[in-house]
1. For a quick check of understanding: with a 1.4 angstrom probe and all protein chains in place, what accessible area in square angstrom does Ile349 have, to the nearest ten?
2. If I histogram all Cα-Cα distances within the stretch 333-452 using bins 5 Å wide from 0, what percent of pairs lands in each bin?
3. If ligands, DNA and RNA are left out, what is the accessible area of Tyr435 with a 1.4 Å probe, given in Å² to the nearest 10?
4. To make sure I understand the rule: partners must be aspartates and glutamates, Cα under 14 Å from the Cα of Lys291, and not fewer than 8 residues away in the same chain. Which ones qualify?
5. Hey, rough spin-label estimate for Glu269 and Leu287, points 7 angstrom out along Cα→Cβ, what's it come to in nanometres?
6. What does the extension gain come out to for Glu194 and Asn207, with contour length at 0.36 nm per residue minus their alpha carbon separation?
7. If I take R0 = 25 Å and measure r between the Cβ atoms of Ala68 and Leu103 in this structure, what FRET efficiency does the formula 1/(1 + (r/R0)^6) give, to the nearest 0.05?
8. Obtain the nm distance between the two label points defined at Lys47 and Gln136 by a simple spin-label model: each point lies 7 Å from its Cα along the Cα-to-C-beta direction.
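The values are calculated or read from the model by the stated rules, or taken from the named source; none is laboratory data. In this text the structure is predicted, and so the values were computed from the model without any measurement. Cβ placement follows ideal geometry from the backbone for every residue including glycine, while neighbour counts extend to all protein chains displayed. Quick note on the areas: whole protein, heavy atoms, side chains included, nothing else; ligands and nucleic acids left out. Shrake-Rupley method; radii C 1.70, N 1.55, O 1.52, S 1.80 Å.
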Amino acid sequence: MHRYSLIALCLAGLAVAPLQAQDETPQAVRAIQTCAGACHQDTIRRKVTHGVTLEKCDACHVLTNAEAHTFSLTARPEDLCVRCHALPMRTHAHPPVAERACLKCHDPHGSDHPAMLLADPKGDLCARCHDRKQLQGDYVHGPVAVGACIVCHEPHASAEPALMRKPERETCLTCHAEVDRSGEADWHTHPALERGCTGCHSPHASNHKFQLKAEAPDLCLTCHEEKIHTQTADAKIVHGALHAPGGCTDCHEAHGSRLTKLQKVGQVEECLGCHNERLPAADGSILTNMKELLDRNPDHHGPIREGACTACHLPHAGDRFRMLVEDYPKQFYAPFDINSFKLCFGCHIPDLVLKENGRGLTNFRDGDRNLHWLHVNQEKGRTCRACHEVHASKRPAHIREAVPFGESGWMLEINFNQTEVGGSCSPGCHKQRSYVRHDDIKPPGPTTAAETTPTLAPPGE
Ligand code: HEC
Ligand code: HEC
Ligand code: HEC
Ligand code: HEC
Ligand code: HEC
Ligand code: HEC
Ligand code: HEC
Ligand code: HEC
Ligand code: HEC
Ligand code: HEC
Ligand code: HEC
Ligand code: HEC
Ligand code: HEC
């Protein structure tokens with residue numbers, strides 16, 4: 001049949017329908033049969049068809065000129081759909097919805113997509129207007145990459161800003177529940193999370209891994225600038241770790257941790273992650289390989305056994321040498337001042353070096369004579385490092401194996417030996433000295449105060 005005849009037939013069906021009262025077939029059905037059945041099959045042959053379209057074409061179309069087969073809509077396009085569909089009013093309306101341009105997304109008759117959409121709502125629909133390029137970067141968020149915008153956004157309107165289906169943080173947690181473990185016992189959540197996830201992540205895409213808005217340390221400094229700035233700005237030493245790749249996240253978890261201060265792992269493990277080689281320090285010196293030192297010397301100093309390197313070192317920056325938390329003489333010999341030993345005497349009793357009588361105070365005494373007082377409490381006092389290792393040792397009481405001699409780096413053996421009642425040492429440069437705690441037992445060798453003082457040559461300082 002000729003194309004025009006079909007149109008005429010369709011037109012006739014619609015036009016005459018209201019007049020044929022005796023006909024048993026309801027007029028709308030006849031209209032569908034005529035219009036859709038004959039010519040406009042595409043209006044109903046879709047996977048998803050508008051219920052109304054199946055029922056009656058004239059819910060939306062009115063024949064205006066039978067001859068010309070022209071129709072008008074029963075209402076202006078922007079009023080047509082809302083006659084039957086009152087979309088819930090919410091604070092934030094999507095502009096095309098506010099303009100009631102429903103047909104920019106929906107087909108009035110039907111389509112192959114749910115809700116008669118013009119394209120897959122978990123695919124290309126939103127890209128009809130939103131340039132995907134603006135949402136691109138080297139790292140694109142999974143749902144964005146496939147175009148599934150509506151998992152997060154309402155298409156019509158929302159009470160939340162940015163048309164979010166749920167408050168932003170809740171949205172993220174529907175898929176990434178494992179990130180927020182604040183319900184768990186002993187869990188420290190980073191307070192940043194309370195302000196949502198997008199303080200650090202772009203919901204769409206970015207040029208940084210994990211769609212981060214920036215890399216650490218810049219990322220962290222967006223909120224911690226002031227604090228870190230105060231710590232580092234005028235500091236004599238800024239820890240190399242702060243500038244290492246990864247910056248803050250080498251040591252800190254971003255979301256939360258079982259450890260305090262969001263620490264990633266126990267401090268010893270954390271610090272030795274980098275201090276497992278001889279790193280060059282800012283002052284030109286080459287730092288000890290701490291991992292090797294601790295592995296080689298099984299007797300670790302109390303705080304290290306407790307996993308607290310920061311009992312003595314600041315983690316970020318500091319003014320004292322080696323970023324120590326308290327004063328400690330830098331030199332091998334130092335004029336005695338109790339304040340210059342604040343580091344050690346934050347934990348150990350100061351009387352150790354303040355009292356001449358050492359009974360009940362220290363094992364390092366000859367009779368009652370306090371040999372700590374004797375060595376340290378002097379104009380040219382020996383600092384603790386003359387005899388003790390501060391990190392770890394093999395000898396009892398963390399006595400060193402050797403002390404550096406002169407600038408040469410030559411190490412002088414101390415040969416410390418502990419006995420039940422005292423001890424002895426025989427540094428390479430002079431004969432053995434010993435001490436005995438009980439008055440009734442005479443120590444071997446010289447016992448006078450002057451003679452028990454080791455006469456070690458000064459190291460480089
Ligand atoms: C005469 C009333 C009426 C008008 C006008 C109307 N609809 Fe509907 N619409 C309905 C009814 C009734 C349903 C429910 C039956 C169904 O699910 O198909 C519906 C269903 C829908 C659905 C849901 C389909 C689904 O799969 O869940 C969408 C989307 C829709 N209409 C969009 C529109 C759009 C867009 C317009 C304007 C072009 C429009 N409607 C105009 C009555 C109407
Ligand atoms: C819910 C309202 C609605 C119903 C019901 C409806 N249409 Fe439409 N139809 C429209 C709208 C809106 C347009 C687009 C008008 C425009 O773009 O100006 C349209 C366009 C058309 C067109 C123009 C070509 C095209 O497909 O875009 C034809 C033909 C058509 N409809 C046939 C039908 C037939 C046949 C039926 C019944 C089987 C029907 N319509 C039912 C709303 C409806
Ligand atoms: C920006 C695209 C877009 C525009 C514009 C739009 N819609 Fe929708 N609409 C959607 C999407 C996407 C869905 C499917 C929602 C889903 O699956 O959760 C939908 C679903 C619907 C539904 C099904 C029920 C529901 O709420 O899920 C109706 C009815 C509907 N829209 C009516 C309208 C009407 C009326 C207008 C115009 C005032 C309109 N839409 C404008 C995208 C749009
Ligand atoms: C017909 C064009 C059109 C389509 C299709 C469209 N949008 Fe929009 N959308 C706009 C316009 C215009 C704006 C306002 C300007 C802007 O922010 O880009 C907007 C803004 C938005 C906003 C920001 C709202 C705010 O308050 O900040 C979001 C979110 C959004 N659209 C999501 C979507 C999603 C999701 C889809 C797919 C379901 C979609 N859009 C499809 C036109 C469209
Ligand atoms: C994982 C959830 C999620 C997905 C998926 C998502 N968005 Fe967003 N979108 C957001 C959030 C959250 C915001 C709020 C702005 C912010 O915090 O950066 C937003 C904001 C927007 C805005 C407002 C302008 C802006 O960038 O701030 C537009 C437009 C937008 N989204 C469009 C889209 C489009 C288009 C898609 C799909 C290609 C999409 N979104 C997918 C979560 C999402
Ligand atoms: C509908 C589920 C869904 C929602 C909602 C969602 N995401 Fe995702 N997200 C994914 C998927 C899928 C991936 C990619 C798969 C993967 O790598 O784990 C992903 C990956 C990520 C990644 C990168 C993970 C990696 O290992 O590379 C980050 C970061 C992320 N999402 C953050 C967010 C944030 C922030 C929000 C809220 C704005 C959010 N997600 C909302 C599903 C979701
Ligand atoms: C303070 C900044 C910050 C906030 C806030 C934040 N993240 Fe992250 N997120 C990161 C960093 C940094 C990484 C990379 C992990 C790393 O380097 O240790 C990451 C990684 C991820 C990953 C991928 C790897 C993993 O750990 O699973 C997902 C998924 C993720 N974030 C989701 C979220 C969600 C969901 C929220 C909100 C509840 C959120 N993030 C809040 C900084 C943040
Ligand atoms: C969106 C803002 C924001 C960003 C970005 C941010 N933080 Fe925070 N962070 C906070 C707030 C708020 C607190 C709690 C107040 C404070 O201690 O300053 C906090 C506290 C901390 C604490 C102390 C926790 C405690 O238990 O005392 C650490 C450690 C921390 N943040 C590390 C980081 C690291 C590492 C990054 C980068 C991956 C980062 N923050 C990025 C907001 C942020
Ligand atoms: C070498 C490991 C390390 C690096 C790198 C590091 N931190 Fe820390 N940070 C720590 C340790 C350890 C603590 C806990 C100190 C303590 O024992 O109280 C801490 C404490 C904090 C605190 C809480 C206490 C305070 O000082 O206010 C914040 C906030 C913080 N760090 C942020 C950052 C930021 C931001 C960066 C990157 C610029 C960073 N950290 C880099 C190890 C590190
Ligand atoms: C990401 C690698 C890294 C981690 C983790 C790290 N450090 Fe460092 N550290 C360095 C580098 C590089 C230097 C040398 C540059 C410098 O002097 O700051 C250094 C230097 C030092 C210095 C000597 C500072 C000076 O210049 O006198 C001390 C002390 C120190 N670190 C202690 C620690 C402690 C304690 C921890 C654990 C809380 C730790 N480090 C974790 C990289 C790291
Ligand atoms: C009891 C206090 C204390 C503790 C705990 C401590 N340190 Fe030290 N650390 C010091 C002192 C004091 C120095 C300076 C030593 C010297 O010059 O005699 C130092 C020096 C260093 C140096 C520089 C070494 C060099 O070659 O000059 C590094 C690196 C270092 N410590 C890392 C660590 C690490 C890692 C931990 C945890 C495993 C740790 N420290 C625990 C007190 C401590
Ligand atoms: C944060 C606290 C703390 C600081 C600071 C500290 N110590 Fe200790 N020290 C301890 C603990 C705890 C022990 C182990 C006591 C035990 O095992 O009974 C210990 C043990 C020792 C021992 C060995 C005692 C023995 O009988 O084996 C010596 C020697 C020592 N410290 C010297 C020092 C020196 C030198 C400094 C300063 C550079 C110092 N300590 C700083 C806590 C500290
Ligand atoms: C001349 C070497 C020498 C110097 C210098 C020295 N010590 Fe000792 N210290 C010893 C010896 C030897 C012992 C072991 C005594 C014993 O158990 O027989 C000891 C033991 C200790 C003990 C274990 C408890 C006790 O007193 O028996 C502590 C704590 C200690 N020293 C801290 C320090 C501190 C802090 C400094 C620096 C202010 C320091 N020492 C300086 C040689 C020294």
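1. Surface accessible to solvent at Ile349 totals approximately 100 Å².
2. Percent of pairs per bin, in order: 2, 11, 19, 25, 23, 15, 5, 1, 0.
3. Tyr435 exposes around 20 Å² with every protein chain in place.
4. Glu269, Glu270, Glu277, Asp299
5. Once both label points are built, they end up 2.0 nm from each other.
6. That works out to 2.2 nm of additional length.
7. Once rounded, the FRET efficiency stands at 0.60.
8. Taking the simple label geometry, Lys47 and Gln136 are separated by 2.6 nm.
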